[in-house]
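The values are calculated or read from the model by the stated rules, or taken from the named source; none is laboratory data. Predicted model, so just to flag it, every value in this text is computed and none were measured. Cβ coordinates were reconstructed from backbone atoms using ideal geometry, including for glycine residues, and neighbour counts include every protein chain displayed. Protein only, heavy atoms only, side chains kept; ligands, DNA and RNA dropped before computing areas. Shrake-Rupley method; radii C 1.70, N 1.55, O 1.52, S 1.80 Å.
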Amino acid sequence: MYQTLHIVHSYVAYVALTILILAVVNAISGWLGNRMFTLEKDFRLSLFALILGHVMLLIGLVLFFVSPNGLSAIQELGMGGLSSEARKLAVEHPFTNIIALVLITIGWSRHKKLMEGKHKFRTIAIFYGLGLILLLSMIPWGQWF
């Protein structure tokens with residue numbers, strides 16, 4: 001089960017990051033270009049990024065509980081017994097990614113309350129962009145490729 005979840009988590013991450021990058025680029029171009037916020041493109045792209053981010057979070061949380069590098073490693077070795085790489089996978093990666101998803105969710109919630117397209121794009125660009133930076137900072141690049 002662990003191997004299957006790990007593979008699914010990795011492949012869905014490619015899709016989720018691609019959509020999130022597209023959403024951030026779209027929001028920045030809409031903000032700077034002073035475009036109208038459309039339901040067909042802008043709303044859906046931001047919504048898909050939000051949904052895929054939450055799907056990744058759910059898969060990651062399940063993976064955290066079944067992974068030998070997750071909760072069981074912390075319980076077995078304690079925080080002092082983990083190597084830096086194991087600590088990154090068991091603590092820093094999940095915690096930072098949860099914060100990133102919280103930022104993305106805040107950006108989604110705040111943009112819905114705004115009426116003007118420029119402000120919607122700015123809110124999405126800032127919050128989704130911060131979330132993207134946090135997500136990219138915690139990807140275990142050595143294991144991913």
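Going by what's in this entry, would Ser72 be described as at pLDDT below 85 and either of a type in the set (S, T, N, Q) or open to solvent by 70 Å² or more (accessible area, probe 1.4 Å) (or both)?
On the way: at pLDDT below 85: yes; either of a type in the set (S, T, N, Q) or open to solvent by 70 Å² or more (accessible area, probe 1.4 Å) (or both): yes.
So Ser72 passes the test.
Starting from residues that are of a type in the set (A, V, I, L, M) and surrounded by 15 or more Cβ atoms within 10 Å (Cβ to Cβ), keep the ones in the range 75-97 and report whichever is modelled with the highest pLDDT.
So in the range 75-97, the residues of a type in the set (A, V, I, L, M) come out as 77, 79, 82, 86, 89-91.
When the remaining residues are screened for being surrounded by 15 or more Cβ atoms within 10 Å (Cβ to Cβ), the result is 82, 86, 89-91.
Values: Leu82: 70, Ala86: 70, Leu89: 75, Ala90: 72, Val91: 78.
If we take residues in the range 75-97 being of a type in the set (A, V, I, L, M) and surrounded by 15 or more Cβ atoms within 10 Å (Cβ to Cβ), then Val91 is modelled with the highest pLDDT.
List pairs: first residue in the range 85-111 and part of a helix (DSSP H, G or I), second residue aromatic (Phe, Trp, Tyr) and surrounded by fewer than 21 Cβ atoms within 10 Å (Cβ to Cβ) anywhere in the structure, Cβ distance under 6 angstrom, at least six positions apart or on different chains.
As it stands, the answer is Pro94/Phe64, since those pairs meet every condition given.
If you go through the range 1-32 one residue at a time, how many are open to solvent by 50 Å² or more (accessible area, probe 1.4 Å) and of a type outside the set (A, V, I, L, M)?
Within the range 1-32, the first condition is being open to solvent by 50 Å² or more (accessible area, probe 1.4 Å), and the residues that meet it are 1-4, 6-8, 11, 14-15, 18, 21-22, 25, 28-29, 31-32.
Still in the running and of a type outside the set (A, V, I, L, M): 2-4, 6, 11, 14, 18, 29, 31.
Residues flagged as open to solvent by 50 Å² or more (accessible area, probe 1.4 Å) and of a type outside the set (A, V, I, L, M) within the range 1-32 amount to 9.
Does Leu136 fit the bill of being surrounded by 18 or more Cβ atoms within 10 Å (Cβ to Cβ) and among the hydrophobic types (A, V, I, L, M, F, W, C)?
Working: surrounded by 18 or more Cβ atoms within 10 Å (Cβ to Cβ): no; among the hydrophobic types (A, V, I, L, M, F, W, C): yes.
Against the criterion (surrounded by 18 or more Cβ atoms within 10 Å (Cβ to Cβ) and among the hydrophobic types (A, V, I, L, M, F, W, C)), Leu136 does not qualify.
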